[in-house]
Amino acid sequence: MGPVELLHMSVFSQSFSPCGRFLAAGNNYGEIALFSLSAALSPDASEGSQKPILNFTAHDGPVFSLLSTDTHLLSAGNGEISAWSWAELIKKVSQLFSKCMTSLEIPEINAMIINPKDNSLIVGGGDNNIHIMDMETGIFKSVLKGHTDYIHCLCFKEREEEILSGGEDGAVRIWGHTEIPLSRFQTCSGMVGQECARPQFGKWISCLATDSDWMLCGGGPSLSLWHLRSMSPTSVFPLPGCQREAVFHQDLIMSVGEGPYVSHCLHGGTVKAQIPCTPSSLNTLALNLKNTEHRVMTVGGSSHQIDVFTNFSYRAFSLSF
Amino acid sequence: MCFLNVICVPDEVIRKRLLIDGDGAGDDRRINVLMKSFTKWCHSNFSPEEGFSQYQRMLTTLAQCEFSMGKTLLVYDMNLKEMENYEAIYADIERSITSAHEKIAECKKEIQRAKRIRKNRQEYDALARVIKQHPDRHETLKQLEALDKELQQLSHIKENVEDKLELRKKQFHVLLTTIQELQQTLENDEKMESDDTQESSMENGD
């Protein structure tokens, strides 16, 4: 990989292994790199431990979405979903477990989430629809139609088993068990959400996160916290760029987007801190909560380096492709 | 400076070795010399003054040996006591380490609780802000009541007006029917009158 390619690399997706000791990251060249966190976090870590232990080409196009189940790593790019076995990957064997060429011709898959209750994979992508696939059999059970433009992000409410989806058309839709959306709201038209709208950026929603009754959404409009039962925005965060990913963590909201920093915000609407990082703009943020020893946050974006935070308030070191 | 240290260190080591060994050699040597002089004193024929002076010398050597023995015993006792002291300090430190660990765990739990509380408070605040934007419930209820009353009054008025309208309609209806009947009776009367005059003229013509 030459220096020019490294310069133009963007990390689009990340996922931690089920044991929490490895990180898989996907970039825009279609490669997936596997990093060993236990080696990088150990006291005698060196330069070499910040390089991937395994780097293989998974797709022809960029890897937009990575998801870990209990045993497998699912990666999705332009229209195909591949499954890799974590046990094999840890042994540095990059053998493909199974690949589903979706006969539905989805141009790109931007988001994948899992519904653990009925073991189904929910996929949203460029064809404006959400497809639900049963993981046991691999067949697509149902399609949720309703968005008028492609879907950026998906989110799952565990308690009520509802899916939230946000897309380029600026609408956030909540889907229940039927194929009709339970409710939808446009975040920047009409009286609802007028304060979040930023017409200079557009109306697209690129990040969604939910915490039972509360929902974060952002993208073109400002990142805002919504109360789902009353469908009203309660706080708007004054972050200048467009946010690409946001998560709830304990009492904080962490979000990444345009701008070389991770923003820590409080529920009240104040931005508590902005922690600088190496990439000039960030695409993905992942928290490793499965393993208490390697409890880190990793962010990746338009750089070949992935920043690792052991204490969430400052950057510890960077892994690089 | 550091070069000098490197050269001085072997000197120090040699000096220390000499001191230590010198002491040990001194004690041992003293005892050996004592033994040798004692045997020599016993076996040789000294003049009484020489014998006495030799005897004194031996006593002094013996005293010196006893003195150094006493000193080493004291040092040994001191070392034992120091060891006990250090053991006590060590145990103390161990205890404070464990209690510090426990305190840290407690504090961590506290912090988690405090974070949860803070999150709840923030959510409460956010919702309160939204709720505040909406008008007060009492106000709205009062407005609703007032509107209700107005509505009732207006419907009352409407009923009254409608009743009046009905009454008038009926009255006019009665009036009109009476007029019509009167007209009818008048016409009938006229007709009857004309019939009568025709009959009487026909009778007169016969």
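FYI, it's all coordinate maths here, none of it is from the lab. Just so it is clear, the model here is predicted, and its values are computed rather than measured. For neighbour counting, all protein chains shown are included, and Cβ atoms are generated from backbone atoms with ideal geometry for every residue, glycine included.
Observations
- Under the combined filter of DSSP loop state and at most 15 neighbouring Cβ atoms within 10 Å, region B:81-135 retains none of its trypsin sites (Lys or Arg not before Pro).
- In a simple Cβ point-charge model (Lys, Arg +1; Asp, Glu -1; nothing else charged), chain B has a dipole of about 4060 debye relative to its Cα centre.
- Of the GluC sites (Glu not before Pro) in region A:192-270, those whose Cβ has at most 15 other Cβ within 10 Å and which sit in DSSP loop: A:Glu195
- All lysines inside 20 Å of B:Lys103 as judged from Cα atoms, apart from same-chain residues fewer than 8 positions distant: B:Lys115
- Cα-Cα pairs of chain B separated by more than 26 Å (percent): 81
- Residue by residue along B:123-136, Cβ atoms of other protein chains within 10 Å of the local Cβ number 4 on average.
- Taking the convex hull of the alpha carbon positions in region A:34-152 and averaging its projected area over all directions gives 8.6 nm².
- The mean sequence separation of alpha-carbon pairs under 8 Å and at least six residues apart, normalised by the residue count of chain A, gives a relative contact order of 12 percent.
- Taking 22 Å as the straight-line reach from the Cα of B:Lys158, the lysines in range (excluding those fewer than 8 positions away in the same chain) are B:Lys149, B:Lys169, B:Lys170.
- Take the Kirkwood radius over Cα pairs of the protein assembly as shown, plug it into Stokes-Einstein at 37 °C and 0.692 mPa s, and you get 103 µm²/s for translational diffusion.
- Over 22 Å (Cα to Cα) - which of A:Lys117/A:Lys157; A:Lys272/B:Lys119; A:Lys51/A:Lys91; A:Lys290/B:Lys108; A:Lys91/A:Lys141 fall in this group: A:Lys91/A:Lys141
- Listed residues B:His101, B:Ala91, B:Thr185: farthest to the positive end of the dipole of chain B (Cβ charges): B:Ala91
- Most mobile of A:Asn28, A:Asn119, A:Asn110 in a GNM of chain A (Cα contacts under 10 Å): A:Asn119
- Formal net charge of residues neighbouring A:Gly219 (Cβ-Cβ distance under 14 Å; K, R +1; D, E -1): -2
- Exposure rule at most 14 other beta-carbon atoms within 10 Å, DSSP loop trypsin sites (Lys or Arg not before Pro): chain A longest free segment: A:1-90
- Using the Cβ of A:Lys157 as centre and a radius below 13 Å, the other residues enclosed give a net charge of -2, where K and R count +1 and D and E count -1.
- Environment charge of A:Glu105, counting only residues whose C-beta is closer than 14 Å and scoring Lys/Arg +1, Asp/Glu -1: -3
- About its Cα centre, the protein assembly as shown has a charge dipole of approximately 4240 debye under the convention of +1 per Lys or Arg Cβ and -1 per Asp or Glu Cβ, with nothing else charged.
- Every helix of 4 or more DSSP H residues in chain A counts as -39500 (n - 2.57), and over all residues that averages to -1000 deg cm²/dmol at 222 nm.
- Per-residue Cβ neighbour rank within 10 angstrom, fewest leading, A:Met215, B:Met83: B:Met83, A:Met215
- Relative to its Kirkwood radius, the Cα radius of gyration of region A:11-236 gives an Rg/Rh of 1.00.
- Once backbone amide H atoms are built at 1.01 Å from N, A:Ser10 has A:Asn28, A:Tyr29 as its partners under 5 Å, excluding neighbours fewer than 5 places away on the same chain.
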